[in-house]
Amino acid sequence: MASDRSRSVLAAAVVVLLPTLALAVDNVVYYVSPRAGNETPWLISNALVSGTPVAIVAHVLWFLVAAAVYLAMRREGWGFESKANEAPAHRRAYLWLVGALAAFTLLAAYSILERDLAPLFQRLGIDALINGEQTGEGSSVGNYAGYNPTLAFLSPIIVGGAEEIVNVGIIALLSRRCGRGWGFILAVSALVRGVIHLHHGSVAILLAFLPLSVFAVAFFRTTAMVSPLVVGHMLWNFAAQANGAIGQSLAREIAYPLVTYLLPLATVGLLVVAILRACGWQTSCRRK
């Protein structure tokens, strides 16, 4: 019976990976295919246009099913031992906060890295070597029936959470189940994270996401927690969407310093304290 349940969980995990595979194929096709004007070779993205009822239902289902499968994998003992699991509640809460803030800040940093790296890749001719000369940015020609701006605002937030569950949690547990090491997990997770964002237009995205990928896998290995990464990613997507939606309003004037300065400083402070505690700083102070 246990064996049958384990096989069912394995089958469900493979099914949950299919949307990620579809997104990866979609982005690769979009990136490598010549396009001009309104002609775009998008596949899944033309069927699930962000902001439509069909897309939001698909995104919510992906998120919920991914979360359910991840929890089932943990219940089946597909996890791994972590000292953080035995830590007091206040320490786990502290680690959770560090993970969420760090994920948020590293997502903010990725946009800066992409902005600086993409022109370099273009000057070196790396992108042109792969996808050829492009004329025009192109635009999706999918089915916009039922399009709603609110749904378009919510979709990336939900997808961000699903990405972390699948790209970190499920890939890590599935790989460990198959006897793979953490180097393999990091390579796969980083590659998938970069490839599904190739629609940004440059392979520089692979390097831009690397710090986040390294942290996410290292954090999951240390704490066996994926929920902070999910919340951090969803908060960043919310901030990014809000930033584009509210323009130069008072809300943006208030939120900009919070996102740009306070959250990164708070994250750095928490990480410094975590490093000092890991080095025995608190213990040595008590001894003195």
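The values are calculated or read from the model by the stated rules, or taken from the named source; none is laboratory data. What you see is a predicted model, and the numbers here were worked out from it, not measured in a lab. Using ideal geometry, Cβ is built from the backbone for each residue, glycine included, and neighbour counts are taken over all protein chains shown. In case anyone asks, the SASA skips ligands and DNA or RNA and just uses the protein heavy atoms, side chains included. Shrake-Rupley method; radii C 1.70, N 1.55, O 1.52, S 1.80 Å.
Note on exposure: VAL188, VAL166 ranked by accessible area (1.4 Å probe, complete protein assembly) read VAL188, VAL166, with the most exposed listed first. Within the accessible surface of region 156-236, defined with a 1.4 Å probe on protein heavy atoms only, the carbon and sulfur portion equals 69 percent.
Rolling a 1.4 Å probe across all protein chains gives PHE215 an accessible area of roughly 40 Å².
Top to bottom by accessible area (1.4 Å), largest first, where do TRP78, TRP182 land?
Details: TRP78 10, TRP182 40 Å².
The residues order as TRP182, TRP78, largest area first.
Residues of region 208-231 with an amide N closer than 17 Å to a point placed 7 Å from the Cα of TYR94 along the Cα-to-Cβ direction: 222-224.
For ARG7, the solvent-accessible surface with a 1.4 Å probe is about 140 Å², rounded to the nearest 10.
In this view, the solvent-accessible surface of ILE56, computed with a 1.4 Å probe and all protein chains in place, comes to about 20 Å².
Estimated from the Cβ-Cβ distance and a Förster radius of 22 angstrom, the FRET efficiency linking ARG221 and ALA72 is about 0.60.
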